[in-house]
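**Q** Pasting a structure here, questions to come.
The values are calculated or read from the model by the stated rules, or taken from the named source; none is laboratory data. In this text the structure is predicted, and so the values were computed from the model without any measurement. Because the Cβ atoms are built from the backbone with ideal geometry, glycine has one as well, and the counts that use them run over all protein chains shown.
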Amino acid sequence: MELTLKEKVFLANQFKILESLYPDEAYIYERHRNALEFGYTLQYDLITEWFSEELSEAACQEVWDILEMHRSLKFAFDRLEDKGEIAEEQILFQGFDGNREAKLMGYADYIINDLGRYSELNRVDLNSHKPCVERYRKMLAEWNQCKDKHFLKQDEILRIISV
């Protein structure tokens with residue numbers, strides 16, 4: 001990571017403030033501040049080691065779309081007088097695989113728990129323990145073909161969950 005002198009000054013000052021605000025973690029902030037003040041460039045990457053790589057806008061939008069589809073499925077299911085052969089478990093949001101879809105799972109958790117959106121989908125554990133995104137994509141393709149995606153009929157629900 002390359003930093004300008006101005007960026008190093010700003011960051012070093014921030015770390016000095018954090019040292020005072022959080023005495024229990026002061027040693028971490030002091031190490032980062034020292035690396036910046038003394039120009040230990042190899043250590044700069046350690047300053048951001050807890051940061052994740054970015055999730056693309058397209059991937060973020062896909063998670064929103066998946067959550068919106070599941071909301072639509074849940075509300076439609078709840079409105080059905082005759083559920084027929086549809087079991088509630090079939091329409092529930094299962095989450096994402098914590099091993100293979102961790103960034104998607106983390107973003108869904110952020111949307112549901114940090115932003116307080118889609119509370120009707122809230123699950124204690126958003127880890128499905130199995131890959132789900134490919135199935136969700138197929139479901140989205142079906143959902144997007146529905147005439148009124150937010151007022152699904154029984155046959156549309158069946159078509160979506162049967163992919």
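**Q** List every residue pair whose Cβ atoms sit under 7 Å apart, with the two residues 6 or more apart in sequence or on different chains, where the first one lies in the stretch 125-137 and is closer than 13 Å to LEU104 by Cα and the second, anywhere, is part of a helix (DSSP H, G or I).
**A** Partner pairs satisfying both residue conditions: LEU126/MET105; LEU126/ALA108; LEU126/ASP109; ASN127/MET105; VAL133/LEU104; TYR136/ILE66.
One line per residue, one yes/no per condition, for (1) in contact with a strand residue (DSSP E or B) (Cβ under 8 Å, 6 or more places away or on another chain); (2) at pLDDT below 95; (3) outside the structural domain of GLU81 (by TED's automatic domain parsing):
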{"position": "LYS103", "(1), (2), (3)": "no, no, no"}
{"position": "GLU120", "(1), (2), (3)": "no, yes, no"}
{"position": "VAL124", "(1), (2), (3)": "no, yes, no"}
{"position": "ASN127", "(1), (2), (3)": "yes, no, no"}
{"position": "LYS130", "(1), (2), (3)": "no, no, no"}
{"position": "ARG137", "(1), (2), (3)": "no, no, no"}
{"position": "LEU140", "(1), (2), (3)": "no, no, no"}
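**Q** Show me the helices (runs of 4 or more DSSP H) found entirely inside the stretch 78-163 where at least 2 residues are β-branched (Val, Ile, Thr).
**A** Working: elements: 88-91, 102-109, 133-144, 154-161.
Output list reads 154-161.
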